[in-house]
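Just below is one structure, and these are the notes that go with it.
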Amino acid sequence: MKKVMLASFTAAIIGLGTVTLAAPGNAASESSPVAGQIIVKFRDHGTASDVLRQHGLSEGPGIGSTGARLIKVPAGKESQLIQALDRNPAVEYAEPDELVTAATTDEYFPRQYALYNEGQSFTNTAGDLSVAGGKVDADVDAVEAWNVTTGGGIKVAVLDSGVASDNPDITSKVVARANFSNGVAGEDNYGHGTHVAGIVAGVHNTEGVAGVCPGCTILDGKVLNDSGVSTTSGIANALNWAVSNGAKVINMSIGQRTSSRTLEAAVNNAWNKGAVLVAAAGNTGSQSKIYPAAYPNVIAVAATDNNDAKASFSTYGAKWVDVAAPGVNVYSTFPNHDFVLARQHNRSRGYDVGNGTSMSSPIVAAAAALAWSSHPGATNTSVRANIESTADKISGTGTHWAHGRVNAHNATK
């Protein structure tokens, strides 16, 4: 399995498979395979049992709609068996199941804005962070977009650590839940997924936060366990579930260090079934690719700050990063029960800020949902084109990202 990471609350996270927090810099290039299992796709499934039996192995479950299977192997023998199976003409490919983690950075950025707080100052509930708006118009014009549409019930799948059942600002927006992790089913004990979901669709009322797409609903695909770790196979299965349940947009604020043919097949299947896929580019401060963001059928999202400049932690590179969105001090929902990010990173229950491309990605996903809602007859191809072609061509466009910083209002026109 590949390790999947969160894109926003710690120094730098990258990867798919088992989700964990990654180190900054070039760590993204390292593979993090899951022990005791590999992924195998056979050219002719009728030969699978015979081939596996030669190596003392048994058939395993299918992975979504990719045609690949998850095979249990002796721990420590993963690489050896992958090489042996890969040489067999009956095998299309064999690869590790990588660990996947959330795309998060936990750096505090004093005197930088949180989304929808431009020109304002506030202190977070822990009392240790003063945040002020920037001097430029660095938001995504969501308020203007709401004059066109608020989302019209578009389903956005959030493949993450789950969505808390006890925060009324986002819980009521969840229309389906499924668990693809080894964590507690139906609950977010890590915190990352609740924060991401609130950015997408937080309820518009007199309390808490406002989501970018307040009329959207959420498909809660829990792929990260209570330590913030997932697997390639878990993500692939969740992608299949999301499109089967009507997701128009799929957000993945997660990543793994190495590419996976199984994961790419799952991404391509979801795209071919009509979904727009959005993922965090990572927080390495380098141009190192992470996946699924780097796949062609995914919108890869970098992070900007309150001055509309690239966030210092953000991964970048116009050859594969498509757009940018605010990812510094973004205010959103958190669980109202104890959760890991509260214990480890001083996040408060209920609401607080988050930093990272994990926060940028759901802003773009929500903007894509608004674009779906405002264009009758839209397709995933036309929605992606709207998001990219209408982005504001801020400094860094063409070097740090290909198209600009997303503008939700422009995308709804």
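Data for the structure
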{"item": "Options Lys155, Lys135; residue that is among the basic types (Lys, Arg), loosely packed, with under 15 Cβ neighbours inside 10 Å and either modelled with pLDDT of 50 or more or in the same structural domain as Leu224 (by TED's automatic domain parsing) (or both)", "result": "Lys135"}
{"item": "In the range 45-81, residue modelled with the lowest pLDDT [restricted to those that are small (Gly, Ala, Ser) and in a helix (DSSP H, G or I)]", "result": "Gly46"}
{"item": "Residue within the range 344-355 that is within 18 Å of Gly285 (Cβ to Cβ) and buried (at least 24 other Cβ atoms within 10 Å of the Cβ) present", "result": "yes"}
{"item": "Check on Val196, assigned to a loop (DSSP other than H, G, I, E, B), in contact (Cβ under 8 Å) with a residue 40 or more places away in the chain and in contact with a Ser or Thr (Cβ under 6 Å, 6 or more places away or on another chain)", "result": "no"}
{"item": "Count of the range 369-413 residues which are on the phi > 0 side of the Ramachandran plot and in a helix (DSSP H, G or I)", "result": "0"}
{"item": "Residue within the range 200-220 that is part of a helix (DSSP H, G or I), hydrophobic (A, V, I, L, M, F, W, C) and more than 23 Å from Lys173 (Cα to Cα) present", "result": "no"}
{"item": "Single match in Ala302, Ala265, Ala270 (criterion: at pLDDT 95 or above and either of a type in the set (S, T, N, Q) or closer than 20 Å to Thr397 by Cβ (or both))", "result": "Ala302"}
{"item": "Enumeration of residues in the range 347-359 that are out of contact with any helix residue (DSSP H, G or I) (no Cβ under 9 Å at 6 or more places or on another chain) and closer than 21 Å to Tyr316 by Cβ", "result": "Asn355, Gly356, Thr357"}
{"item": "Answer residue from the range 146-169, given it is in a loop (DSSP other than H, G, I, E, B) and of a type in the set (Asp, Glu) and is nearest to the chain's Cα centre (by Cα) among those", "result": "Asp169"}
{"item": "Residues that are over 11 Å from Val158 (Cα atoms) and either outside any strand (DSSP E or B) or touching an Asp or Glu at 6+ places or on another chain (Cβ under 8 Å) (or both), drawn from the range 179-193", "result": "Phe180, Ser181, Asn182, Gly183, Val184, Ala185, Gly186, Glu187, Asp188, Asn189, Tyr190, Gly191"}
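The values are calculated or read from the model by the stated rules, or taken from the named source; none is laboratory data. Because the structure is a prediction, the values reported are computed rather than measured. Neighbour counts are summed over all protein chains in view; Cβ atoms, including those assigned to glycine, are modelled from backbone coordinates with ideal geometry.
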